[in-house]
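Participant: Have a look at the structure that comes next, please.
The values are calculated or read from the model by the stated rules, or taken from the named source; none is laboratory data. Note that the structure is a prediction, hence the values are computed from the model and not measured. So basically every Cβ, Gly included, is an ideal-geometry build from the backbone, and we count neighbours across all protein chains shown.
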């Protein structure tokens, strides 16, 4: 966990209201792991007050990258940043994906900007588990919302897409593409996207043993365990307990969470 | 600056400097901040509120940003006293400074039940009684909205523990000085204020509230002017020391609260924005006191000059 002043190197649009940002922040780049996140301060002033939690989309050569959607004032200010601007960053934070296991296939499932953590994971799998098949199942509203699709086509061994309007790939939901990969328990799954996508995956996994880690994206004020705001319901026998996703997550085995109780903000 | 005396006394509790952390903003034990600074530089660490039994807390969303402020509806999530003693208490000795436990109950009896257990806890230097959390009771009600209830709860706690007692007041009352006097009469060593202001946020397109409870508590720089005013009023109304809380981001904000009469302060929401906010305030305070020619914190407290 480091506090650093990063320097923006690249900040370019990758689709409607979505951007890719490369920040020069060598200390963080050297230690970040796929699935971790960082708290990025979008303004020097008091409004917005807190930082924004962003998935680390890649970390290589002294850079930390973020793929983010503009959803409010903070990310709006972030989108206006120019190369050379300084941006305070706290991180890397949270539990990385538990991907260093032998698997027949690693299957990443992303909805829209939920693809943010996956360039890093796909590259790590390519470099650290050569010869293993890595599949990206990628869904979005339209082709335009399949952000950085070319990057995934380069990093993953196979990309399957789904769009709501049929403008690219399967006409329907990304989770419609999942079933063929659930038959073999040696396939490991990783997912990030909106809560309804998690609920769909949770239902489809019933009766299957595939490990499946999801990366949750709740509202966070601090990112390091102080505020108790970013909780998710974790299974506790027949009951559940709220746990801080900044500390115990943001990646969780989906069966450890009560996905059915998660809100859909 | 080496000559500036930072020590302050809150009744029976002595702090090496006036900077404390505010309950609920410093993790569960403060260990969350240990990677960022040495907690022993602080005047005191105030832990997250403990209740007799575990509380899951409120369903998300629990926080929402507003202009220069933060609404929260956490709901006093905590493991309950027994598990807290096993899991959190042992971590507190690592702080290396005063540790203030913070307690709350849903009934007066629950406050008393906890108060009766405090003297057996090692490494605790004072108790702050949270009679002002807006996120646990119906419509944001709490003992700190009624002078009689305030006096009953604080007196009951004072009678059951040898620890110095701090009463944490709510700003959501017509006249906070009435409540402050009740806490003083009940034997509180010090009074801390403000807890969060009641507020809400709504989503107009969906016609829905942001929070399940509708109401939430507002903190951050947005509330500082109101907090300063209430701290000044209470400091004028009671003779026990006052701990100022509300939107303190840095040492200059600390100076403002000292000036209107606070003997000590608590840094809250700033901890979320900058993990070293409280430590930075401790570092910068001597220079600001020296700048105004104050030889000590005590010299400067309440020295606001008003033309008649």
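Participant: State whether one or more residues within the range B:21-34 are modelled with pLDDT of 95 or more, assigned to a strand (DSSP E or B), within 12 Å of chain A (Cβ to nearest Cβ) and surrounded by fewer than 22 Cβ atoms within 10 Å (Cβ to Cβ).
Facilitator: no
Participant: Something else now. Any chance you could count how many residues in the range B:124-146 are surrounded by fewer than 21 Cβ atoms within 10 Å (Cβ to Cβ) and at pLDDT 95 or above?
Facilitator: Kept after step one, since they are surrounded by fewer than 21 Cβ atoms within 10 Å (Cβ to Cβ), are these residues of the range B:124-146: B:124-125, B:137-139, B:141, B:145-146.
Right, trim to at pLDDT 95 or above and you get B:124-125.
Total meeting the criteria: 2.
Participant: Within the group A:227, A:246, A:192, which residue is within 19 Å of residue A:93 (Cα to Cα) and over 18 Å from the mean Cα position of the chain (by Cα)?
Facilitator: Being within 19 Å of residue A:93 (Cα to Cα) and over 18 Å from the mean Cα position of the chain (by Cα) holds for just one of A:227, A:246, A:192, which is A:227.
Participant: From (1) buried (at least 22 other Cβ atoms within 10 Å of the Cβ); (2) away from every other protein chain (no Cβ under 14 Å); (3) out of contact with any helix residue (DSSP H, G or I) (no Cβ under 7 Å at 6 or more places or on another chain), pick out the condition that doesn't hold for residue A:184.
Facilitator: (1)
Participant: Say we look at the range A:187-204 and pick out the residues that are touching a helix residue (DSSP H, G or I) at 6+ places or on another chain (Cβ under 8 Å) and in a helix (DSSP H, G or I); which of these is nearest to the other protein chains (Cβ to nearest Cβ)? Working first, answer last.
Facilitator: Here is the first cut: in the range A:187-204, the ones touching a helix residue (DSSP H, G or I) at 6+ places or on another chain (Cβ under 8 Å) are A:187, A:189-195, A:197-202, A:204.
So of that shortlist, the ones also in a helix (DSSP H, G or I) come out as A:195, A:197-202, A:204.
Details: A:195: 11, A:197: 17, A:198: 14, A:199: 15, A:200: 20, A:201: 20, A:202: 18, A:204: 24 Å.
So, considering only residues that are touching a helix residue (DSSP H, G or I) at 6+ places or on another chain (Cβ under 8 Å) and in a helix (DSSP H, G or I), the one nearest to the other protein chains (Cβ to nearest Cβ) is A:195.
Participant: If you go through the range B:52-63 one residue at a time, do you hit one that is crowded, with 23+ Cβ neighbours inside 10 Å, outside any loop (DSSP other than H, G, I, E, B) and within 14 Å of chain A (Cβ to nearest Cβ)?
Facilitator: Checking the range B:52-63: at least one residue is crowded, with 23+ Cβ neighbours inside 10 Å, outside any loop (DSSP other than H, G, I, E, B) and within 14 Å of chain A (Cβ to nearest Cβ).
Participant: Which residue out of B:72, B:78, B:172 is crowded, with 23+ Cβ neighbours inside 10 Å and touching a helix residue (DSSP H, G or I) at 6+ places or on another chain (Cβ under 9 Å)?
Facilitator: Details: B:72 fails: touching a helix residue (DSSP H, G or I) at 6+ places or on another chain (Cβ under 9 Å); B:172 fails: crowded, with 23+ Cβ neighbours inside 10 Å.
Checking each option against the conditions leaves just B:78.
Participant: Inside the range B:74-110, can you point out the residues that are touching a residue at least 40 places away in the same chain (Cβ under 8 Å), part of a loop (DSSP other than H, G, I, E, B) and closer than 21 Å to residue B:142 by Cβ?
Facilitator: Scanning the range B:74-110 gives B:74, B:75, B:76, B:104, B:105, B:106.
Participant: Which numbered condition in (1) part of a loop (DSSP other than H, G, I, E, B); (2) within 14 Å of chain B (Cβ to nearest Cβ) is the only one that residue A:235 fails?
Facilitator: Unmet for residue A:235, out of (1) part of a loop (DSSP other than H, G, I, E, B); (2) within 14 Å of chain B (Cβ to nearest Cβ): (1).
Participant: List the number of the failed condition for residue B:38; all other conditions in (1) within 21 Å of residue B:227 (Cα to Cα); (2) more than 8 Å from chain A (Cβ to nearest Cβ) hold.
Facilitator: Looking at each condition in turn, residue B:38 falls short on (1).
Participant: For the condition on the phi > 0 side of the Ramachandran plot and either within 14 Å of chain B (Cβ to nearest Cβ) or part of a strand (DSSP E or B) (or both), what is the one hit in A:225, A:229, A:207, A:166?
Facilitator: Values: A:229 fails: on the phi > 0 side of the Ramachandran plot; A:207 fails: either within 14 Å of chain B (Cβ to nearest Cβ) or part of a strand (DSSP E or B) (or both); A:166 fails: either within 14 Å of chain B (Cβ to nearest Cβ) or part of a strand (DSSP E or B) (or both).
After ruling out the rest, the residue left standing is A:225.
Participant: Tally the residues that are under 21 Å from residue B:35 (Cβ atoms), in a loop (DSSP other than H, G, I, E, B) and over 16 Å from the mean Cα position of the chain (by Cα), restricting the search to the range B:258-289.
Facilitator: Result for the range B:258-289: 3.
Participant: So residue A:69 passes all but one of these: (1) more than 14 Å from chain B (Cβ to nearest Cβ); (2) in contact (Cβ under 8 Å) with a residue 60 or more places away in the chain; (3) over 14 Å from residue A:7 (Cα atoms); (4) surrounded by 18 or more Cβ atoms within 10 Å (Cβ to Cβ). Which condition number does it fail?
Facilitator: (2)
Participant: Let me ask you something else. Right, residue A:247: within 14 Å of another protein chain (Cβ to nearest Cβ), out of contact with any strand residue (DSSP E or B) (no Cβ under 7 Å at 6 or more places or on another chain), modelled with pLDDT of 95 or more and in a helix (DSSP H, G or I) or not?
Facilitator: Details: within 14 Å of another protein chain (Cβ to nearest Cβ): yes; out of contact with any strand residue (DSSP E or B) (no Cβ under 7 Å at 6 or more places or on another chain): yes; modelled with pLDDT of 95 or more: yes; in a helix (DSSP H, G or I): yes.
Criteria met by residue A:247.
Participant: So, one more: I'd like to know if the range B:228-248 contains one or more residues that are assigned to a helix (DSSP H, G or I), under 16 Å from residue B:5 (Cα atoms) and either over 17 Å from the mean Cα position of the chain (by Cα) or in contact (Cβ under 8 Å) with a residue 60 or more places away in the chain (or both). Don't jump to the end; show me each part of the working.
Facilitator: First, pick out the residues of the range B:228-248 that are assigned to a helix (DSSP H, G or I): B:228-237.
Then drop every residue that is not under 16 Å from residue B:5 (Cα atoms), which leaves none.
For the range B:228-248, residues assigned to a helix (DSSP H, G or I), under 16 Å from residue B:5 (Cα atoms) and either over 17 Å from the mean Cα position of the chain (by Cα) or in contact (Cβ under 8 Å) with a residue 60 or more places away in the chain (or both): absent.
Participant: Of the conditions (1) surrounded by fewer than 22 Cβ atoms within 10 Å (Cβ to Cβ); (2) away from every other protein chain (no Cβ under 14 Å); (3) in contact (Cβ under 8 Å) with a residue 24 or more places away in the chain, residue A:57 fails just one. Which one is it?
Facilitator: All conditions pass for residue A:57, except number (1).
Participant: Still on this structure: Does residue A:34 satisfy the condition of being within 16 Å of residue A:121 (Cα to Cα), more than 14 Å from chain B (Cβ to nearest Cβ) and touching a helix residue (DSSP H, G or I) at 6+ places or on another chain (Cβ under 9 Å)? I'd like the intermediate steps shown before the answer.
Facilitator: Working: within 16 Å of residue A:121 (Cα to Cα): yes; more than 14 Å from chain B (Cβ to nearest Cβ): yes; touching a helix residue (DSSP H, G or I) at 6+ places or on another chain (Cβ under 9 Å): yes.
Considered against the rule, which asks whether it is within 16 Å of residue A:121 (Cα to Cα), more than 14 Å from chain B (Cβ to nearest Cβ) and touching a helix residue (DSSP H, G or I) at 6+ places or on another chain (Cβ under 9 Å), residue A:34 comes out as yes.
Participant: Mind telling me which of the residues A:94, A:112 ends up being at positive phi, buried (at least 24 other Cβ atoms within 10 Å of the Cβ) and at pLDDT 95 or above?
Facilitator: None of the other options fit; the residue is A:94.
Participant: Among the residues of the range A:121-144, which ones are surrounded by 24 or more Cβ atoms within 10 Å (Cβ to Cβ) and more than 11 Å from residue A:106 (Cβ to Cβ)?
Facilitator: Selection gives A:137, A:138, A:139, A:140.
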